[in-house]
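**Q** Sharing a structure, written as structure tokens. Questions coming.
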């Protein structure tokens, strides 16, 4: 968290520990520097000057050299003081130090005052340890500060509190006069060695301090002698525990973190140059305000939160986020009255913060980027790749999930999820946030946020349900409706419908249609509410009051039906009535849901499909309705009386299903007489009778039963049709009259065409109805029953050339243009010229030639000729076509370049076999026109996420194809070893290598990929022309290396030795090239492979060279190197001859290279070691670090070693297994591995004495925590 916009980012756990009074400040010279005190270097210079050390003394030179030498490379000042103590008396040195550090009367001690306030413990007394000798803290505190001086230090191990100031390295005592003895300062290497190593009292004190407190180092650099000795003394502290030692240090993260890496210290960088440390002290001054009264400060942050997240700066949002990271802060936030707005959910929920930016539909609306509006000051950038909703590997903190400080219940516990419901208890922090969410349930943002998820945590859902039930008038009616719908959605949405379906169908298959199976089947197929997604602003919350909203404007509810792709089970006749009733009840349920969510538009596919191309688009709801229709048809045959009785129970007015079903079932004469149909039709409401979405059902009912209607019923129906439909909401009077009349006219005209006899009065009025629209024509009547439903059409290519095949050459192109393409409803894409090329290529060439004589070069038909050119075309015709290609204008060649060079690549080798010079002449003409045309076309400046200097680009690019063509021509000549590349091929290849822009890159990439083969043919040319590309200074180096790494083998020793140094440099450099992630790791495979081959030939890569490269590459490269190394060792049974030497001689020893990633790979190596398992474990042990995440996978693999008949590694080698898992499992993993308990038991069963081993007991205790 930051107190200031550009201030220090202080970890929340550190802030909380300070609030509890559990922080001790360990202060160095930097704290007193603002008060005019010297740093260690200045103090050494002062002492040397005061001692009158000769000008040519080595000590003076060492101090002089220190000024311009980087801090990490300077001689140690404690050693300089050691030399001074040897040459002069230690007492004199101490006297001079005390003299220099004498406090002046008006010295500014503001920094010390800040630390005194900031360091107060729970009892209100300062908790400070300093390695300074000066008395500035005492000056700042007055006489009230209790002090400790070695050897009398607080006995922390026996719970004596630290109340006051500890002078760890001594305190100035002005009672000791010059020459009377030492002050007792720890200043030289001898003093430090005694305090931290030999006697170790300082180390013991610091270790006890870290056991009791969190320690902040202030005023030190990483190479200060006190820091070096302190960390050296603490080196034996147990691995795998979280840091309790922090240090402020000036610089960027890139500068500061490496200084403290592997020290066990968590470094906290701050900005500043020269003597400017204001960023640090300004932050500490603000921190003091919190430290003086944490509760008041938290309350101020709650007040800040009430302003809403979009009205705050990122660092202020970070302060609110920091507040809710803790139990206390989350409770204050939740208890606030009035509550902070629900919009904070967009900050707390990482999925919303990292939502995709929204582009406005027009310039009148600003763009909306949730990471800008809701992001925190310490949020990493949005990942470059497109993400899915609820992506699990997003950066940044998610405040609605478990945090490291929460009491773990289930790793997946979250307040809202997209998967199954987790019923584990909420830790207190999340429980408080749940309470706040309930309090802001009246805010439209809250249900909008909840609607994005499949499930809410059951505890949160219960609380929301409780509030909604008791809301009364407190919640607006729309808010209550929204929440009730969401609550129903959360309760009824199945965790995984497909898995549930599989389980249900298996049960039916196993036990038949029992009562229990029927009940489970009914639950499976029940429709349920869903949220279709936020059609407007998926990550931008609503900013209006409830009175200004409607349900559909911010949450789009829908009803989910059984997926149409889920196979329906066969329904036996004996359970048909029960299943029929289940589906009928579910249709009623779905209709009620659709009405509740305010569905205004609804359409399902017609029961009478039209004879049109393609298949109707049937939704899940339509498929469900058709399923019911099919069961109904069976019921009519098997149980007509039962089904008619059931129809009487159907809803009388339902626009979604049953109005349409009534029109369908009235067609069955075995169920309903003509008079009953007439009564039914006349009983329909105007809305139901005139509904567009099932008019086809209405008309087909009238058509089928018209002659069975009595005359009076017919007359009433006709009158209703003549009177026309009701007026729609926003329809103008003029439009209404016209459309009402023409709709009636079309229906009546259609009935006439279906031989339905109409009365005289109806026939008399029909012409007047038609005249309402001057555009009326008889065809309108024919389409009155069209369903206007969507259809899926599979578009097929139709290359039938019959329409142009016999046309004169001059007419072929115009006819082809006229008949190419497709109309909207046509399932065929007509391409007659394609067929002409395939069947009569002579005529196709003649047509193109005729058009060319007129200066017309229709690229579409030239492309057809290039793509469809028949393989069996006569040589003479192919020569002719090649010649015509060579005459194309350069701009046409550029437009068709991919197809032109694909044609050359495919067909020119056959022509070259007849006449290579002539074939290469065509090649030259087209290549020159390509270069000329490209030079005239402005190059695109579009940004590309990935480099185009790759083999994947090259093989699909024109010049890449040209290069492959030349190499294939060379291969067709069956070249011998060192036969050299013929001049006619070589010169053209070199022309491609020198091509402009990226064309050259693609040629280089193709050639580099064939490096070994070209070296076999012409080693001298490879050495003079190709090998220089691999130098990183060469402009073609990226392309050359990309082609190289796509090969699966290293070059022979003589060639590899030429590029070896470039290869070793390239592995380090390759991360800067914008290649695919997988390809970036290939050079590391070659590195390990080259080292493996070095066993047989010294030209390849030595262990030392591997180590030097790995010391410069990144973490992903290290992990991938070990993955490939494991593969080589395993596949070649090479542990002793290569595996062990590689780890001992090639793998970097520096602790910064030993990471969780590399440890996972090394554990994998051990698991595959078989009989060598103990030896491998001993070898990899120094390179292993604790693995905090994903330990499950590693231990599962190890535990499964015992799954077969052969005893696994834990049983065969219990000691080595225990050593291994003890090394990789920390004291506090993010999640205790599931297999840890079973593994510890395996080890103990194999060797019972290990139960007494402290490592086994630690792991067992850890396993039992879960």
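The values are calculated or read from the model by the stated rules, or taken from the named source; none is laboratory data. Please read these numbers as outputs of a predicted model, since none were measured by experiment. Cβ: placed from backbone, ideal geometry, glycine included. Neighbour counts: every protein chain shown.
**Q** Scanning segment 1173-1189 for residues that are outside any loop (DSSP other than H, G, I, E, B) and buried (at least 19 other Cβ atoms within 10 Å of the Cβ), which turns out nearest to the chain's Cα centre (by Cα)?
**A** So in segment 1173-1189, the residues outside any loop (DSSP other than H, G, I, E, B) come out as 1173-1183.
Applying the additional criterion that residues be buried (at least 19 other Cβ atoms within 10 Å of the Cβ) yields 1173, 1176-1177, 1179-1180, 1183.
Details: 1173: 37, 1176: 36, 1177: 35, 1179: 36, 1180: 32, 1183: 30 Å.
Within segment 1173-1189, the match that is nearest to the chain's Cα centre (by Cα) is 1183.
**Q** Among (1) closer than 28 Å to residue 1158 by Cβ; (2) without any contact (Cβ under 8 Å) to a residue 24 or more places away in the chain; (3) in contact with a helix residue (DSSP H, G or I) (Cβ under 8 Å, 6 or more places away or on another chain), there is one condition residue 1034 misses while meeting the rest; what is its number?
**A** Every listed condition holds for residue 1034 apart from (1).
To keep it simple, each residue is scored yes or no on (1) in the same structural domain as residue 841 (by TED's automatic domain parsing); (2) under 27 Å from residue 844 (Cβ atoms); (3) surrounded by fewer than 17 Cβ atoms within 10 Å (Cβ to Cβ); (4) within 48 Å of the chain's Cα centre (by Cα).
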site: 891; (1), (2), (3), (4): yes, yes, yes, yes
site: 902; (1), (2), (3), (4): yes, yes, no, yes
site: 921; (1), (2), (3), (4): yes, yes, yes, no
site: 958; (1), (2), (3), (4): no, yes, no, yes
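**Q** Would you mind telling me which numbered condition in (1) modelled with pLDDT of 90 or more; (2) closer than 27 Å to residue 597 by Cβ; (3) over 28 Å from the mean Cα position of the chain (by Cα) residue 473 fails?
**A** Going through the list (1) modelled with pLDDT of 90 or more; (2) closer than 27 Å to residue 597 by Cβ; (3) over 28 Å from the mean Cα position of the chain (by Cα), residue 473 breaks only (1).
**Q** Moving on to the next point. Of (1) in contact with a strand residue (DSSP E or B) (Cβ under 6 Å, 6 or more places away or on another chain); (2) farther than 30 Å from residue 88 by Cβ, residue 27 satisfies all except one. Which?
**A** (2)
**Q** Go through (1) farther than 23 Å from residue 448 by Cα; (2) surrounded by fewer than 13 Cβ atoms within 10 Å (Cβ to Cβ); (3) at pLDDT below 90 one by one and return the number of the condition residue 359 breaks.
**A** (1)
**Q** Condition first: surrounded by 23 or more Cβ atoms within 10 Å (Cβ to Cβ) and closer than 18 Å to residue 446 by Cα. Now tell me which residues in segment 305-319 satisfy that.
**A** 305, 309, listed by residue number.
**Q** Within the set of pairs 6 or more residues apart or between chains, which connect a residue that is modelled with pLDDT under 60 inside segment 1202-1214 to a residue that is part of a loop (DSSP other than H, G, I, E, B) and surrounded by 10 or more Cβ atoms within 10 Å (Cβ to Cβ) with Cβ atoms less than 9 Å apart?
**A** These pairs meet every condition: 1202/1208.
**Q** Same structure, new question: Any idea which of (1) assigned to a helix (DSSP H, G or I); (2) at pLDDT below 95 is the one residue 660 doesn't satisfy?
**A** (2)
**Q** Restricting attention to segment 610-639, report how many residues are free of Cβ contacts under 8 Å to residues at least 40 places away in the same chain and not in a helix (DSSP H, G or I).
**A** Matching residues across segment 610-639 total 1.
**Q** Let me ask you something else. Looking at 990, 1020 in this structure, which one is out of contact with any strand residue (DSSP E or B) (no Cβ under 8 Å at 6 or more places or on another chain), over 22 Å from residue 905 (Cβ atoms), surrounded by fewer than 18 Cβ atoms within 10 Å (Cβ to Cβ) and not assigned by TED's automatic domain parsing to the domain that holds residue 927?
**A** Values: 990 fails: over 22 Å from residue 905 (Cβ atoms).
1020 is the lone residue from the list that is out of contact with any strand residue (DSSP E or B) (no Cβ under 8 Å at 6 or more places or on another chain), over 22 Å from residue 905 (Cβ atoms), surrounded by fewer than 18 Cβ atoms within 10 Å (Cβ to Cβ) and not assigned by TED's automatic domain parsing to the domain that holds residue 927.
**Q** Additional query: When you look at residue 38, is it part of a loop (DSSP other than H, G, I, E, B) and free of Cβ contacts under 8 Å to residues at least 60 places away in the same chain, yes or no?
**A** Details: part of a loop (DSSP other than H, G, I, E, B): yes; free of Cβ contacts under 8 Å to residues at least 60 places away in the same chain: no.
In short, no.
**Q** Same structure, new question: Evaluate segment 721-731: report whether one residue or more is part of a helix (DSSP H, G or I) and surrounded by 17 or more Cβ atoms within 10 Å (Cβ to Cβ). Can you show your working first?
**A** Quick first cut of segment 721-731, residues part of a helix (DSSP H, G or I) only: 721-723.
Within this subset, residues satisfying the condition of being surrounded by 17 or more Cβ atoms within 10 Å (Cβ to Cβ) are 721-722.
The answer is yes; a qualifying residue exists.
**Q** Restricting attention to segment 492-503, which residues are modelled with pLDDT of 80 or more and closer than 13 Å to residue 526 by Cα?
**A** 492, 493, 494
**Q** Can you tell me how many residues in segment 146-162 are more than 49 Å from the chain's Cα centre (by Cα) and either closer than 24 Å to residue 200 by Cβ or in contact (Cβ under 8 Å) with a residue 24 or more places away in the chain (or both)? First the steps, then the outcome.
**A** Just the residues of segment 146-162 that are more than 49 Å from the chain's Cα centre (by Cα), to begin with: 146-155, 158, 160.
Those still in the list that are either closer than 24 Å to residue 200 by Cβ or in contact (Cβ under 8 Å) with a residue 24 or more places away in the chain (or both) too: 147-155, 158, 160.
The total comes to 11.
**Q** Can you report the number of residues in segment 547-599 which are outside any helix (DSSP H, G or I) and within 29 Å of residue 634 (Cβ to Cβ)?
**A** The total comes to 14.
**Q** Of (1) assigned by TED's automatic domain parsing to the domain that holds residue 227; (2) farther than 22 Å from residue 19 by Cβ; (3) in contact (Cβ under 8 Å) with a residue 12 or more places away in the chain, residue 84 satisfies all except one. Which?
**A** (1)
**Q** Here's a follow-up. Somewhere in segment 1208-1217, is a residue within 27 Å of the chain's Cα centre (by Cα) and in a helix (DSSP H, G or I)? Show your work before the answer.
**A** Of the residues in segment 1208-1217, the ones within 27 Å of the chain's Cα centre (by Cα) are none.
No, segment 1208-1217 has no match at all.
**Q** Assess whether residue 606 counts as being in a loop (DSSP other than H, G, I, E, B) and either more than 19 Å from residue 667 (Cβ to Cβ) or at pLDDT 95 or above (or both). Lay out the reasoning, then the answer.
**A** Working: in a loop (DSSP other than H, G, I, E, B): yes; either more than 19 Å from residue 667 (Cβ to Cβ) or at pLDDT 95 or above (or both): no.
No.
**Q** Out of 716, 758, 701, 739, report the one residue that is part of a helix (DSSP H, G or I) and either more than 16 Å from residue 682 (Cα to Cα) or not assigned by TED's automatic domain parsing to the domain that holds residue 783 (or both). Explain how you work it out, then say what you get.
**A** Numbers: 716 fails: either more than 16 Å from residue 682 (Cα to Cα) or not assigned by TED's automatic domain parsing to the domain that holds residue 783 (or both); 758 fails: part of a helix (DSSP H, G or I); 701 fails: either more than 16 Å from residue 682 (Cα to Cα) or not assigned by TED's automatic domain parsing to the domain that holds residue 783 (or both).
Among 716, 758, 701, 739, only 739 is part of a helix (DSSP H, G or I) and either more than 16 Å from residue 682 (Cα to Cα) or not assigned by TED's automatic domain parsing to the domain that holds residue 783 (or both).
**Q** Okay, next question. Against the conditions (1) at pLDDT 90 or above; (2) outside the structural domain of residue 229 (by TED's automatic domain parsing), where does residue 20 fall short? Just the number, please.
**A** The number of the failed condition is (2).
**Q** Related question: Scan segment 208-224 and tell me whether some residue there is farther than 25 Å from residue 113 by Cα, surrounded by 15 or more Cβ atoms within 10 Å (Cβ to Cβ), in the same structural domain as residue 131 (by TED's automatic domain parsing) and modelled with pLDDT of 85 or more.
**A** Of segment 208-224, the ones farther than 25 Å from residue 113 by Cα are 208, 211, 223.
Filter once more, keeping what is surrounded by 15 or more Cβ atoms within 10 Å (Cβ to Cβ): 208, 223.
So of that shortlist, the ones also in the same structural domain as residue 131 (by TED's automatic domain parsing) come out as 208, 223.
Next cut, modelled with pLDDT of 85 or more only: 208.
Within segment 208-224, one or more residues are farther than 25 Å from residue 113 by Cα, surrounded by 15 or more Cβ atoms within 10 Å (Cβ to Cβ), in the same structural domain as residue 131 (by TED's automatic domain parsing) and modelled with pLDDT of 85 or more.
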